[in-house]
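The values are calculated or read from the model by the stated rules, or taken from the named source; none is laboratory data. Treat the numbers as computed from the prediction; the structure is a model and nothing was measured. So basically every Cβ, Gly included, is an ideal-geometry build from the backbone, and we count neighbours across all protein chains shown. Surface accessibility is based on the protein's heavy atoms, side chains included, excluding ligands, DNA and RNA. Shrake-Rupley method; radii C 1.70, N 1.55, O 1.52, S 1.80 Å.
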Amino acid sequence: MRNEFYMQLALDKAWQYQGLTYPNPAVGAVVTLNGKILAIEAHQKAGTSHAEVLALLSAYEILSNTHIDFDSKDAQKAHIFLLSLPKDFFSQCSIYVTLEPCSHQGQTPSCASLLQSLSLESVVIGIKDPIAGHDGGADIVGRGVLSPTIIISVLEEECQALLEPFMIWQKRAFVLFKLAQTSNGRIGGGYLSSKVSLTHVHQLREVCDTLLIGGNTVREDRPTLDCRFTEGKAPNVKIYSKQDDFDRDIPLFSIENREVNIGDDIDFLSKPSFVMVEGGEGMLNVLGEKIDWMLIYQTPKLSTNNLTYNTTMNLQFLHQAKKDVDLMIWSRQIGY
C-alpha cells in the first residue's frame with residue numbers, strides 16, 4: 001500500500017493544476033528517501049519543467065540544505081543542473097510519477113533520459129503514456145547504468161482520469177462547464193465564490209482556447225469575462241445566440257486583443273482545443289452530451305434565490321479539494 005499512498009499524493013498535487021497545463025497533461029511526482037517524503041510537485045505550465053524535474057530539484061534542496069540559484073521552471077537549466085550532480089546523488093531515492101516519463105524532446109528535454117542518467121533506486125509509474133511517440137519512457141529509464149526497479153500501473157484508473165482531458169483535446173474540443181452554486185444549489189445573484197476560486201477561474205480562462213457563454217447571460221449580466229485577477233490575456237469569446245442584438249457597451253466587447261464571435265453554430269467543438277463554458281441552464285441544455293466535465297465551485301452559503309439548474313445530468317465525481325472556503329469538485333458527465 002506504500003506505493004499507492006505516495007502515488008495518491010502525486011495525484012492530489014497534479015489535480016491542483018488540472019487544465020492549467022494545457023496543452024500538456026496534468027502530472028504529479030513525489031520523491032522519497034527510505035520512505036521519507038522529500039518533495040511533492042506537479043507540472044504547472046506548458047513549456048516549463050515537468051513534474052519529475054521539479055520534484056528532483058526540491059529533493060536536492062532538502063538533501064543538500066541549499067537553494068538552487070535559478071528558476072526551477074526553466075527546464076533547460078534544470079536538466080543541465082541535475083545532470084551535473086554526482087552520479088549517485090539520488091541513488092537511494094525513489095520517484096513516483098502519475099504518467100510515464102516522456103521519452104521525446106519537445107519544448108523540454110526528455111525526462112526519461114534524465115532519470116536514466118540519475119540512476120534512482122526505483123521509479124513508480126501510475127500509467128503508461130498512451131500517445132504513440134511519447135511512450136517508451138519506462139524502457140529508457142530501465143537502460144541506465146544502475147537500472148532502477150520500475151513499477152507500472154499504480155492507481156492506474158485514477159491516473160487515467162487525471163489524464164482524460166489531455167486525451168480528449170488531442171482529437172476534439174475538451175468541453176469544461178464551470179458553475180458556482182450555494183450549498184442549497186442556488187446560482188446567480190452576483191459573485192458566489194471566494195476570491196481564491198475566482199482567481200482559479202481566471203487562470204483557466206487564461207489558458208483555454210475559447211470561452212463559450214450563452215446570449216441571455218451576456219444580456220442580463222453584462223460581464224467582462226477577462227483575467228483581471230491573474231493579469232493575464234483575456235480569452236476569446238463565443239456567444240451562443242441566434243440573434244446579434246447585443247449592446248456593444250457591454251464590457252466584454254471592449255477588451256483589447258480579443259475575438260468575439262456570435263452565432264448558434266457549435267461545429268467548432270469538433271476541433272482539438274480546450275473550451276470552457278460559463279452559462280446557465282440554457283447553455284447546459286444546448287450542449288447536453290457535448291459537455292465532458294463539470295467544474296463545480298460550491299460555496300458554504302445558503303440562498304433564498306430561486307435560480308438553479310432545472311435539468312437532469314448524471315455526474316461522476318473525480319476529485320474534490322478546498323479552494324479557500326469553497327469546495328471545488330471536478331466531475332465527469334456519464335449521462336444526460
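Candidates are the residues of segment 226-241 that are among the hydrophobic types (A, V, I, L, M, F, W, C) and more than 18 Å from the chain's Cα centre (by Cα); the one that is surrounded by the most Cβ atoms within 10 Å (Cβ to Cβ) is Ile239.
Close contacts from segment 117-134, counting a first residue that is touching a residue at least 60 places away in the same chain (Cβ under 8 Å) and a second that is of a type in the set (Gly, Ala, Ser) and surrounded by 15 or more Cβ atoms within 10 Å (Cβ to Cβ), with Cβ to Cβ under 7 Å and a gap of 6+ residues or different chains, come to Val124/Ser94.
Is it true that some residue in segment 299-315 is among the hydrophobic types (A, V, I, L, M, F, W, C), open to solvent by less than 50 Å² (accessible area, probe 1.4 Å) and not in a loop (DSSP other than H, G, I, E, B)? There is no residue in segment 299-315 that is among the hydrophobic types (A, V, I, L, M, F, W, C), open to solvent by less than 50 Å² (accessible area, probe 1.4 Å) and not in a loop (DSSP other than H, G, I, E, B).
Candidates in segment 69-102 are the residues that are without any contact (Cβ under 8 Å) to a residue 24 or more places away in the chain and of a type in the set (Gly, Ala, Ser); of these, the one that is surrounded by the fewest Cβ atoms within 10 Å (Cβ to Cβ) is Ser84. Considering (1) open to solvent by 50 Å² or more (accessible area, probe 1.4 Å); (2) in a loop (DSSP other than H, G, I, E, B), the lone condition that Pro223 does not fulfil carries the number (1). Set side by side, the residues Gly288, Gly282 differ, and just one is within 25 Å of Tyr22 (Cβ to Cβ) and assigned to a helix (DSSP H, G or I), which is Gly288.
Scanning segment 61-68 turns up no residue that is out of contact with any helix residue (DSSP H, G or I) (no Cβ under 8 Å at 6 or more places or on another chain), farther than 23 Å from Ala112 by Cβ and in contact (Cβ under 8 Å) with a residue 60 or more places away in the chain.
Restricting the first member to segment 259-276 and to residues that are without any contact (Cβ under 8 Å) to a residue 60 or more places away in the chain, and the second to residues that are of a type in the set (Lys, Arg) and loosely packed, with under 11 Cβ neighbours inside 10 Å, the beta-carbon pairs closer than 9 Å and six or more apart or on different chains are Gly263/Lys242; Asp264/Lys242. Taken together, the residues in segment 62-106 that are closer than 30 Å to Phe166 by Cα, part of a loop (DSSP other than H, G, I, E, B), of a type outside the set (Asp, Glu) and out of contact with any Lys or Arg (no Cβ under 8 Å at 6 or more places or on another chain) amount to 7.
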